[in-house]
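Beneath this line is the structure, given in structure tokens, with notes to follow.
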Amino acid sequence: MAIFEFKLPDLGEGVQEGELVKWHVKPGDSVKQDQTLAEVMTDKATVTVPSPTAGRVVQTHGNEGDMAKVHQILVTLEIEGAAPAQASGHGAPAAHGAPAAAAPAAAAAQATGPQAASKVLATPLTRRMAAEHGLNLAEISGSGPQGRVMKADVVAALEGGSSARNEVAPAAPAQQARPAAPSVAPGRGDERIPLRGLRKKIAEKMVRSKFTAPHFGFVEEVDCTELVALRKRLNETLANAGEKTKLSFLPFIIKATLAAMKKYPHLNANMDEAAQELVVRGEFNIGIAVATNEGLTVPVIKNADRLNLRELAEEVVRLSTAARDRKLKMEELTGGSFTITSLGQTGGIFATPIINHPEVAIMGIHRMRKRPAVDSNGQVVVREMMNVSISADHRVIDGQVAADFVYEVIKYLEHPDMLFLAMA
């Protein structure tokens, strides 16, 4: 028998580390080749790590919630014969989950400057934040394990006017260190739930978005009466033709959004923080927010403008099901240019959703219900009413542009027959 130290293989282009979300084995277990050893969350997806060979687990390295670097020992196995070679592509993990971020596990450097900053223990998200604001990580005191520089440390450095900025600046009075967040005193019957996995990554992404993009919101109501009637007719036509597909309201909303984007293309964009450029996307890749047991996931409908209403309906169902079953592929989680979020009948009157950074806007669809409205003759009538909200990055999207975009969407939702004229 031989001892084989299996190292965490490459997790994808540019990914250097990941969070150990779940162990599927424990010491003493016998494993087969390609059997799942662990789930690791990266900045792109949750991936399963398969065993490169059969054997017996001697030791697992790291606890759930810990960060693991690529090429560090993950599992020690007892195997028969010679140990298999460990090339970077060997035993490549399979993606099956949701977007995330991760952190390395190396000691912080003592020196300063760009080279020292590259050796500092910090998450990729923290590094990007520091780079965007001209901060030198090597000059920021890390509050995390082993001196890891956390996002809160970067925020504190910015708020405190830290001297960690790379550019030369006049000497400033010493700033008082930001006090550590107070711990919550325990109480009877408390349950403490560690912020891990997708929930942790959602928290990091939301903080990054709110910290980076100055949000503003706009809300308007929509008379969906004609849309309700059109959807009913189309679903009856599909049913009479023996089709299993059933149209929800979302495909119509996506089509209305796409039509509005043709007139206001700056909403179909990403913000390149490093270059400080608005990237108006050439493709229309629409993210749809899906609630799962682990948290909110945003799969992306690629080239949504090329799909008809039925194809959009089928793609929405497929991606939503895959998200809840944790079977999404990496390419189905990236490349979004605009996001639509809807809670359906539980969507409330209105909300101000947080932008899915680096996108520059997100549209919220809220509860549709019968409400009194005044028609063109001044008569009070009962109509199917719904509110639409938009949150946008005020650095690159003006309030007037966002409002005009919403009114363009509303035009197509209130007169849905126009959607067929707008389709390519």
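The values are calculated or read from the model by the stated rules, or taken from the named source; none is laboratory data. Keep in mind it's a predicted model, so treat the numbers as computed, not measured. Here the Cβ is made from the backbone with ideal geometry for all residues, glycine too, and neighbour counts use every protein chain on show. For accessibility, only protein heavy atoms count, side chains too; no ligands or nucleic acids. Shrake-Rupley method; radii C 1.70, N 1.55, O 1.52, S 1.80 Å.
Among (1) within 29 Å of ASN63 (Cβ to Cβ); (2) basic (Lys, Arg); (3) modelled with pLDDT of 80 or more, where does LYS201 come up short?
Checking LYS201 against (1) within 29 Å of ASN63 (Cβ to Cβ); (2) basic (Lys, Arg); (3) modelled with pLDDT of 80 or more, the one that fails is (3).
Is one or more of the residues making up segment 287-295 within 23 Å of ARG395 (Cβ to Cβ) and out of contact with any strand residue (DSSP E or B) (no Cβ under 7 Å at 6 or more places or on another chain)?
No: zero hits.
Return the residues of segment 141-158 that are at pLDDT 75 or above, open to solvent by less than 20 Å² (accessible area, probe 1.4 Å) and either assigned to a loop (DSSP other than H, G, I, E, B) or more than 14 Å from ARG128 (Cα to Cα) (or both); say none if nothing qualifies.
ALA157
For segment 412-424, how many residues are within 30 Å of the chain's Cα centre (by Cα) and either modelled with pLDDT of 95 or more or open to solvent by 90 Å² or more (accessible area, probe 1.4 Å) (or both)?
So the answer is 3.
So LEU309 fits all but one of (1) open to solvent by 30 Å² or more (accessible area, probe 1.4 Å); (2) touching a helix residue (DSSP H, G or I) at 6+ places or on another chain (Cβ under 8 Å); (3) in contact (Cβ under 8 Å) with a residue 60 or more places away in the chain; (4) farther than 23 Å from VAL401 by Cα; what number is the exception?
Result: LEU309 fails condition (1) only.
Just wondering, is there one or more residues in segment 159-169 that are modelled with pLDDT of 75 or more and closer than 21 Å to GLU204 by Cα? Step through it out loud before you land on a result.
Pass one, segment 159-169, residues modelled with pLDDT of 75 or more: none.
There is no residue in segment 159-169 that is modelled with pLDDT of 75 or more and closer than 21 Å to GLU204 by Cα.
Restricting attention to segment 250-294, which residues are in a strand (DSSP E or B), touching a residue at least 40 places away in the same chain (Cβ under 8 Å) and not aliphatic (A, V, I, L, M)?
Hits for segment 250-294 are ASN270, ASP272, GLY287, THR292.
Tell me the residue from GLN379, GLN400 that is open to solvent by 20 Å² or more (accessible area, probe 1.4 Å), at pLDDT 95 or above and more than 19 Å from ARG208 (Cα to Cα), please.
None of the others qualify; the one that does is GLN400.
Of the numbered conditions (1) outside any loop (DSSP other than H, G, I, E, B); (2) open to solvent by less than 60 Å² (accessible area, probe 1.4 Å), GLY336 satisfies every one except a single condition; which is it?
Among (1) outside any loop (DSSP other than H, G, I, E, B); (2) open to solvent by less than 60 Å² (accessible area, probe 1.4 Å), GLY336 violates only (1).
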